[in-house]
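See structure below.
The values are calculated or read from the model by the stated rules, or taken from the named source; none is laboratory data. Keep in mind it's a predicted model, so treat the numbers as computed, not measured. Note that we place each Cβ from the backbone using ideal geometry, even for glycine, and neighbour counts take in every protein chain shown. Ligands, DNA and RNA are excluded from the accessible area calculation, which covers all protein heavy atoms including side chains. Shrake-Rupley method; radii C 1.70, N 1.55, O 1.52, S 1.80 Å.
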Amino acid sequence: MRTLIRGLALTLMAASAGWAQNPNSVVEAHAVMATDATHVDSPVKLAIMAQVAPGFHINDHKPSLDYLIPTQVKLDSSDQFTMKSVAYPKGSLKKFSFFDTPISVYEGAVVVGTLLQTGRDVPPGTYTLKGKFAYQACNDHACLAPTSVPLAISIKVVARNVAVKPVETDVFRRIKFE
């Protein structure tokens with residue numbers, strides 16, 4: 001009987017450890033700029049590059065069902081930059097055992113574009129913009145609690161007479177800014 005109870009206890013401990021997976025390990029994200037710097041009173045294109053762990057998915061920014069938690073990029077307010085728009089990719093329709101119909105989700109690599117505007121009176125310098133990539137990750141059996149990955153990107157503002165160079169061109173070709 002003791003062996004049966006120990007076996008049951010070990011099984012329950014292993015199951016609870018699996019359910020308690022750290023949600024921050026499911027999605028990694030960071031931000032990159034389209035250019036090596038920006039000018040005063042100019043647009044700034046950012047890409048939030050996220051990677052969803054194999055076996056997991058996150059909901060589309062426009063979830064298929066009202067009660068599903070959307071994926072969102074949220075940037076902290078800033079005196080130097082104003083967020084103009086966010087360009088989310090279209091999700092993929094996937095069928096899961098827990099829904100009768102397919103739902104729109106992101107899996108694997110996810111790239112979200114963000115268009116900012118540099119303020120008119122921002123002096124040249126390097127500024128840190130912070131924010132978060134918010135999501136709810138699920139696998140075929142359960143959903144983890146909603147969470148987010150913190151974001152921080154250094155944005156260099158240079159004088160108008162300083163040339164800026166494109167970087168990460170392969171990433172920005174895939175984003176449809178409006």
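Key figures
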item	result
Subset of the stretch 40-94 [open to solvent by 80 Å² or more (accessible area, probe 1.4 Å), more than 16 Å from the chain's Cα centre (by Cα) and farther than 28 Å from Val167 by Cβ]	Asp66, Tyr67, Leu93
First in the stretch 150-168 and farther than 20 Å from Gly113 by Cα, second anywhere and open to solvent by less than 60 Å² (accessible area, probe 1.4 Å), Cβ under 6 Å, 6 or more apart	Val158/Ala37; Arg160/His39
Of residues in the stretch 101-112 being crowded, with 20+ Cβ neighbours inside 10 Å and without any contact (Cβ under 8 Å) to a residue 60 or more places away in the chain, the one nearest to Ala34 (Cα to Cα)	Tyr106
Test result for Gly131, small (Gly, Ala, Ser), touching a strand residue (DSSP E or B) at 6+ places or on another chain (Cβ under 7 Å), over 18 Å from Ala53 (Cβ atoms) and crowded, with 21+ Cβ neighbours inside 10 Å	yes
Filter pass, Val111 being among the hydrophobic types (A, V, I, L, M, F, W, C) and out of contact with any Gly (no Cβ under 6 Å at 6 or more places or on another chain)	yes
Failed condition for Asn139, given (1) over 18 Å from the mean Cα position of the chain (by Cα); (2) under 30 Å from Asn59 (Cα atoms)	(1)
Residue satisfying condition, being of a type in the set (Lys, Arg), in contact with a His (Cβ under 9 Å, 6 or more places away or on another chain) and farther than 14 Å from Val27 by Cβ, within set Lys94, Lys176, Lys130	Lys94
Lys165 vs. criteria charged (D, E, K, R) and modelled with pLDDT of 95 or more	yes
Subset of the stretch 157-176 [under 11 Å from Leu46 (Cα atoms) and open to solvent by less than 50 Å² (accessible area, probe 1.4 Å)]	Val171, Phe172, Ile175
Where Ala145 falls short, out of the listed (1) more than 19 Å from Pro70 (Cβ to Cβ); (2) assigned to a loop (DSSP other than H, G, I, E, B); (3) under 23 Å from the mean Cα position of the chain (by Cα)	(1)
Test result for Arg173, in contact with a strand residue (DSSP E or B) (Cβ under 9 Å, 6 or more places away or on another chain) and modelled with pLDDT under 95	no
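So that you can scan it fast, the table gives a plain yes or no per residue for (1) touching a residue at least 60 places away in the same chain (Cβ under 8 Å); (2) open to solvent by 80 Å² or more (accessible area, probe 1.4 Å); (3) more than 21 Å from Phe177 (Cβ to Cβ):
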site: Phe99; (1), (2), (3): no, no, yes
site: Thr114; (1), (2), (3): yes, no, no
site: Asp121; (1), (2), (3): yes, yes, yes
site: Gln136; (1), (2), (3): yes, no, yes
